[in-house]
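Reading through the C-alpha cells given below for one structure.
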C-alpha cells in the first residue's frame, strides 16, 4: 500500500485539498482529497495524530483571508511584525504575474500541472501576462515569446507601483531569491529587508524598484513588493553590512550566469538607490560622494558646480565608483558630457575591472556607449572575468554599439571565465540581431565550445532559437551536425528539450535526422525517452528510423515505454527514469501507437532480451500498447 508523504494543493481553488503519495516502487503522485468534492484515495491505516486546537484550523474554502494580516502579539505597534497574506491567488486573464519559486520547488509543483521543461527555468523571476486559466486552475502565462502552463501556486501577481508608494517586501527568502533572477540578483544584506516596509524612491527602465528603508535602499523585482499604503516605512540603520558596500563590487552571490555577468550593473543600480535617499541639508561639503551622488541623479548643474570648485574630484571614487562610471550606467548624457569636458578618465575601473564604457553597455545606455567610443574609450578592455565590451554589448542587445565595436580592432572570439564567446552571449539573450552582426565578422569562429562543451549552435538548439540557428547555418552549413562534448548534435538537443522550432530549422538545413551520439542514440530515441509526441511525429515524418538501435539495441519504442528521466540537468542529457502522471501515460501510449503504426516492432529484443513491452513497469501503459499492437 502507498503512504501519504505530504498534504498539498490540487489547482488554485483551495489549499490542502490533495495528498502526495509514495508507492512501494518509488513512484510519487498527487491525488485529490477534497478538490472540487473529489476523493481519489481510501484510508487504510491512520498515522499517529498530533495535538491541535480545533478553533485554530483553517476555514474551508474561504476567500476572506485575501487581505488578512497576521500581527505579532509581542510588538503590536511595530510595522516590522506584520506580514500581508497573499495565499489566495485569484488570477484573471490579463493579469501580470511572476514565477516566484526556485527551480527545485517549481519542478515538484509542475508534476500533473503541465509538466516540466528545462526552458521553464528561464521564466523564474520573469513577468508575463495571464493568457487563460485552465479548468483545474492551472495558469497559461505568456513569457519570453512563448506560452507556458504553470501550477497557479508557483505564480505571484505583480502589483502596479509608483514612486512614493509604501510597500512591504515578501518575507520568504527562497521566493525573493528566485524572483530576483535577472532583476538585480540577491545579496546577503537583502535578508534584513524581508518582511519590512519601505518607500519606493526610483523605478528603473526595466521596472525594478528601489525601496528605501531609513538609511538603506535596495533594488527589488516589483513582484517582491506588496502594496502597504497604510503602513509606515521601517528604518534600517547603516552598518558594516551596508546595502551598497565597496566589497560587494568585487564579488557576487548571484548563481545565475547571466545575472552574474551583469552584476556590476546591478550593484550600480543599488548605489543609485542609495544616492536617492534624503540628504541632510547643510553646508555643501565638497567630497567624492557628493559628486558621485549628483552624477547618479543626473543633477548636471550640481556636477558642474562641484567640478568648478574642486576639479580634482572628477576622477575620485565613492564606494569604488567614479562619477563617469555611474552617470554612464544611468544614461545621464548631459552629466557625461560635462565630465568628459572636464577630462574625466574613461579608463578608470571599478573593483571588477569595468570601465565607464562597460557600465554604459551593462545599463543598456547605447547612446552613452557610442559617445564614449567616439571619444576614444578603449574597446579592447576586458574585466576581471574576461568579459569584453563585445560580450557586454552582445548580452545586453546594445546592437548599434556592438556594430561600431566590431568595425574596430576587437576580438569577436574572446572567451570569458565561463568559456563563453560574445556569440554564446548573444544567443543566451535571444539577441538575434547581435548574432547576425557577429556571424559576418571576418574573424568569427563559431566552433568555439564553452566550459560546458557547447558551441553557440548547441546553445541555440537548447534555447529553441530557430532564428539564430538559421543565421549561423546560412553562413556555416557544415555546423548542422557538429558534436558537443557529450557527443550530442544540435538536433539531439532540440529533440531532448522538445524545441520544435529549433528542430524544424535544423531539419530544413538538412541536419542528419538519424545522427548518433557516443551511445548510438538518435534524436528520435531522446524524443521518445521524454515521451514527446509532437517531436516524435516531426522526426518520423522527416525520415527518422523507428527501428534504430542504440549500443544496447534499445529502439525508440523501448525508450518510449521505459519512462521519462526527471532530475536535475542542464538540458543536454536525460536523467533518472520516472513516469509521473496520468497525462504522461496517455501521451506515451499515443506515441508508442504512432511508432507502431509507422513500423516499430513490439517483438524486437534488446541486449537484455527484453521487448519494449517487457521493459515497461506501468501496467496501464503496457496493456494499452499491447492491445493496440494486437489490433494491428
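Within the stretch 523-632, which helices (runs of 4 or more DSSP H) (wholly inside it) include 2 or more residues that are crowded, with 20+ Cβ neighbours inside 10 Å and modelled with pLDDT of 95 or more? Break it down stepwise before answering.
Numbers: elements: 523-529, 533-541, 556-562, 582-597, 619-631.
Output list reads 523-529, 533-541, 556-562, 582-597.
Could you go through the stretch 472-483 and let me know if any residue there is at pLDDT below 95 and assigned to a helix (DSSP H, G or I).
no
Looking at (1) touching a helix residue (DSSP H, G or I) at 6+ places or on another chain (Cβ under 7 Å); (2) within 24 Å of residue 227 (Cβ to Cβ), can you tell me which one residue 126 breaks?
Only one criterion is unmet by residue 126, namely (1).
Can you tell me which condition residue 382 does not meet? The list is (1) touching a helix residue (DSSP H, G or I) at 6+ places or on another chain (Cβ under 7 Å); (2) within 19 Å of residue 414 (Cα to Cα), and all the others hold.
Failing condition for residue 382: (1).
All but one of (1) within 27 Å of residue 616 (Cβ to Cβ); (2) in a helix (DSSP H, G or I) hold for residue 469, so report the exception by its number.
(1)
Scanning the stretch 431-447 for residues that are part of a loop (DSSP other than H, G, I, E, B) and in contact with a helix residue (DSSP H, G or I) (Cβ under 8 Å, 6 or more places away or on another chain), which turns out farthest from residue 386 (Cα to Cα)?
That would be 440.
Quick check, is residue 136 out of contact with any strand residue (DSSP E or B) (no Cβ under 7 Å at 6 or more places or on another chain) and surrounded by fewer than 20 Cβ atoms within 10 Å (Cβ to Cβ)?
On the way: out of contact with any strand residue (DSSP E or B) (no Cβ under 7 Å at 6 or more places or on another chain): yes; surrounded by fewer than 20 Cβ atoms within 10 Å (Cβ to Cβ): yes.
Criteria met by residue 136.
Please go through (1) within 19 Å of residue 498 (Cα to Cα); (2) assigned to a helix (DSSP H, G or I); (3) modelled with pLDDT under 90 for residue 113 and return the number of the only condition it doesn't satisfy.
(2)
Which residues, counting only those in the stretch 405-419, are within 21 Å of residue 378 (Cα to Cα) and not in a helix (DSSP H, G or I)?
We begin by selecting, within the stretch 405-419, every residue within 21 Å of residue 378 (Cα to Cα); these are 405-417.
Within the stretch 405-419, 407, 408, 409, 410, 411, 412, 413, 414, 415, 416, 417 meet the criteria.
Of the residues that sit in the stretch 388-404 and are part of a loop (DSSP other than H, G, I, E, B) and within 19 Å of the chain's Cα centre (by Cα), which one is farthest from residue 354 (Cα to Cα)?
Looking at residues that are part of a loop (DSSP other than H, G, I, E, B) and within 19 Å of the chain's Cα centre (by Cα), I get 397.
Go through the residues of the stretch 93-104 one by one and say whether even a single one is closer than 30 Å to residue 236 by Cα, in a strand (DSSP E or B), modelled with pLDDT under 80 and touching a helix residue (DSSP H, G or I) at 6+ places or on another chain (Cβ under 9 Å). First the steps, then the outcome.
Residues of the stretch 93-104 that are closer than 30 Å to residue 236 by Cα, as a first pass: 97-102.
Then drop every residue that is not in a strand (DSSP E or B), which leaves 97-99.
Next, only the ones that are modelled with pLDDT under 80 stay: none.
No, the conditions are met nowhere in the stretch 93-104.
Here is a list: 519, 541. Which entry is without any contact (Cβ under 8 Å) to a residue 24 or more places away in the chain and more than 25 Å from residue 425 (Cβ to Cβ)?
Testing whether each residue is without any contact (Cβ under 8 Å) to a residue 24 or more places away in the chain and more than 25 Å from residue 425 (Cβ to Cβ) leaves just 541.
Being assigned to a loop (DSSP other than H, G, I, E, B) and touching a helix residue (DSSP H, G or I) at 6+ places or on another chain (Cβ under 7 Å) is the filter here; which residues of the stretch 149-167 pass it? Give the derivation first.
Step one: filter the stretch 149-167 for residues assigned to a loop (DSSP other than H, G, I, E, B), giving 151, 158-165.
Residues satisfying the conditions are 151, 158, 159, 161.
Determine whether residue 385 is in contact with a strand residue (DSSP E or B) (Cβ under 7 Å, 6 or more places away or on another chain), assigned to a loop (DSSP other than H, G, I, E, B), in contact (Cβ under 8 Å) with a residue 24 or more places away in the chain and not assigned by TED's automatic domain parsing to the domain that holds residue 204.
Working: in contact with a strand residue (DSSP E or B) (Cβ under 7 Å, 6 or more places away or on another chain): no; assigned to a loop (DSSP other than H, G, I, E, B): yes; in contact (Cβ under 8 Å) with a residue 24 or more places away in the chain: yes; not assigned by TED's automatic domain parsing to the domain that holds residue 204: yes.
In short, no.
The values are calculated or read from the model by the stated rules, or taken from the named source; none is laboratory data. Bear in mind the structure is a predicted one, so any value in this text is a computation, not a measurement. Every residue, glycine as well, gets a Cβ built from its backbone with ideal geometry; the counts of neighbours run over all protein chains shown.
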